[in-house]
Every structure is written in structure tokens, then in C-alpha cells.
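These notes are about the structure you will find just below.
The values are calculated or read from the model by the stated rules, or taken from the named source; none is laboratory data. It should be emphasised that the depicted structure is a prediction, and the values quoted were computed from it without experimental measurement. Cβ placement follows ideal geometry from the backbone for every residue including glycine, while neighbour counts extend to all protein chains displayed.
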Amino acid sequence: MIKARIIVTLKNGVLDPQGKAIENALGGLGFGDVGQVRQGKVFDIELAHDDKVKAETDLKAMCDKLLANTVIENYAVEIV
């Protein structure tokens, strides 16, 4: 079995209204030292085989086809 973590984040220059809302809320809670906040998504995926090359290929295809909007998002695949 292969376990992987995929992290999806907005590309630089893409507006992040949810990150801005979190930033403002943290400031309102007294965390005045917080600068910019960018939010993202994390996916933990288990694959039922042990072929790391196939896993990396499949995970990247999953990101390109469903998990990330590659026009506005970047992703990183980590096999753990």
C-alpha cells in the first residue's frame, strides 16, 4: 500500500478571499502579528499497490483531472 499527501495551493497573484477573511479574523482575535494568509487543500490518499512510479503518475493525473484547477492552483505530491 502506498500513502500520499497532495497539497493544493493558489498560484501567486490569484486573489484569495478566504485567506483574507482568515487573516482579518485572526487580527480580530488579537493575533496582530499575522501577515498574509493563503489557504489551500490537503488530500491524504492511499493506493492499494506498491508501485511508486505508477503511484506518482496516477496521483499527478488525479490532480490534473479533478483535485486541482491547474489554471489557478499549484499542487505538490508527496509519497509518505
Out of region 29-80, which residues are exposed (fewer than 15 other Cβ atoms within 10 Å of the Cβ) and among the β-branched types (Val, Ile, Thr)? 34, 42, 53, 57, 70, 71, 72, 79, 80
Options 58, 50: the member that is in a loop (DSSP other than H, G, I, E, B) and over 15 Å from the mean Cα position of the chain (by Cα): 50
List pairs: first in region 11-26 and over 17 Å from residue 70 (Cβ atoms), second modelled with pLDDT under 95 and not hydrophobic (A, V, I, L, M, F, W, C), Cβ under 9 Å, 6+ apart or cross-chain? 19/36; 20/36; 23/35; 23/36; 26/32
On the given criteria, is residue 65 in a helix (DSSP H, G or I), of a type in the set (Lys, Arg), modelled with pLDDT of 95 or more and closer than 23 Å to residue 13 by Cα? yes
Is it true that some residue in region 22-30 is of a type outside the set (D, E, K, R), more than 25 Å from residue 5 (Cα to Cα), assigned to a loop (DSSP other than H, G, I, E, B) and at pLDDT 95 or above? yes
Pairs, please: C-beta under 9 Å, at least 6 apart or cross-chain, first residue free of Cβ contacts under 8 Å to residues at least 12 places away in the same chain and among the acidic types (Asp, Glu) and in region 54-73, second outside any helix (DSSP H, G or I) and surrounded by fewer than 14 Cβ atoms within 10 Å (Cβ to Cβ)? 64/70
